[in-house]
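Here the structure is laid out as structure tokens; the discussion comes afterwards.
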């Protein structure tokens, strides 16, 4: 058994780290993060971590380049301070979209970031809803990929939806929608879409039946909301009654809120893996934010005790 837990956080989501701290009754450790005049990240640990089981909470979104570099420097500092084990807790893993070479002369950035985290000295990684499951195979250390659907399912069960159907906004998300619908014992469908550009998508049809039903669109991430809003319009055209949407990682940049305001989506439900950038408060569109602190807290305790993490979902 490792010595007791020490929990630290970078600057990317201090609010979530504070909630995790409260759930597991472990204070957030003292850590100084600053910058040299030229912008280089500097980290100094302000307490002893020698021989301790360290969990470093730092999503790499928003500001992925700054947040990722901070995480790497934190891990290196813990390793050089002789922490017995270092777990990088990355609620939202940036660069996971670039998980394969789908055109000539492009990088596989998800693998590059995995290599950097391992090289920095992390012993294991804890994350939530990776954009692509195969990213788990890019790591040469243990990785636990949690799923947010228990948090969402508890919420949607209380809404008393009429003939609800779980819908994936694209064919690639069918596995996620199927897992969600299986937990709720509901039918699921999928929107067939074509990506026009990095900012625009075009929905072309529906696989399944949504007529007269309340639809819940399920995705792992909402960035500019193009996929969600196009899918919402498509299910409405095919006779859906009310349209809700949920996404684990609410990045919400660019035209996201304007698109959501103009869409038939009644409510967007997200988690706090990414801190709010304030766009929700400036909009009339309803965004419901749920916390994953209990889920992460349970996983941290189980990892510390060398217990099963997968049993959280079965």
Given 25 °C and 0.890 mPa s, how large is the Stokes-Einstein diffusion coefficient of region 1-116 in µm²/s, with Rh as the Kirkwood radius over Cα pairs?
-> 162 µm²/s
Among 80, 50, 233, whose mean-square fluctuation peaks in a Gaussian network model of the chain (Cα, cutoff 10 Å)?
-> 80
Cβ-derived FRET efficiency at R0 51 Å, residue 185 paired with residue 140, nearest 0.05 | 0.85
Can you give the translational diffusion coefficient of region 149-291 in µm²/s, computed by Stokes-Einstein from the Kirkwood radius over Cα pairs at 37 °C and 0.692 mPa s?
-> 222 µm²/s
Note the angle between two axes, namely the Cα long axis of helix 174-184 and the longest principal axis of the Cα atoms of the chain, as a number of degrees from 0 to 90, rounded to the nearest 10.
-> 90 degrees
Taking Cα atoms, how many degrees apart are the long axis of helix 64-80 and the longest axis of the chain, rounded to 10 and kept between 0 and 90?
-> 30 degrees
Of the listed peptides 284-294, 111-121, 28-38, 250-260, what is their order by residue-averaged count of other C-beta atoms within 10 Å, with the highest listed first?
-> 250-260, 111-121, 284-294, 28-38
Could you tell me what percent of the DSSP beta bridges with both partners in the chain are antiparallel, to the nearest 5?
-> 20 percent
222 nm [θ] for the chain, helices only, -39500 (n - 2.57) per DSSP H run of 4+, per residue, to 500?
-> -8500 deg cm²/dmol
Any idea what log10 I(q)/I(0) is at q = 0.11, 0.12, 0.20, 0.21 Å⁻¹ for region 215-307, Debye with uniform C-alpha scatterers and no solvent?
-> -0.36, -0.42, -0.89, -0.95
So for region 99-192, using the alpha carbon gyration tensor with a ≥ b ≥ c as root eigenvalues (a/c under 1.5 gives rounded; past that, a/b versus b/c decides prolate or oblate), I'd call it oblate
Helix 293-304 versus the longest principal axis of the chain: what angle, 0 to 90°, nearest 10, using Cα atoms?
-> 40 degrees
Gap separating the Cα centres of region 64-123 and region 136-190, nearest whole Å = 26 Å
Along each of the three principal axes of the Cα atoms of the chain, give the extent in whole Å, ordering the values from largest to smallest.
-> 61, 41, 37
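Each reported figure results from applying straightforward, stated rules to the coordinates on display, with no laboratory input. Everything numeric here is computed off the predicted structure, so don't read it as measured data. In this analysis, Cβ positions are derived from the backbone assuming ideal geometry, glycine residues included, and neighbour counts consider all displayed protein chains.
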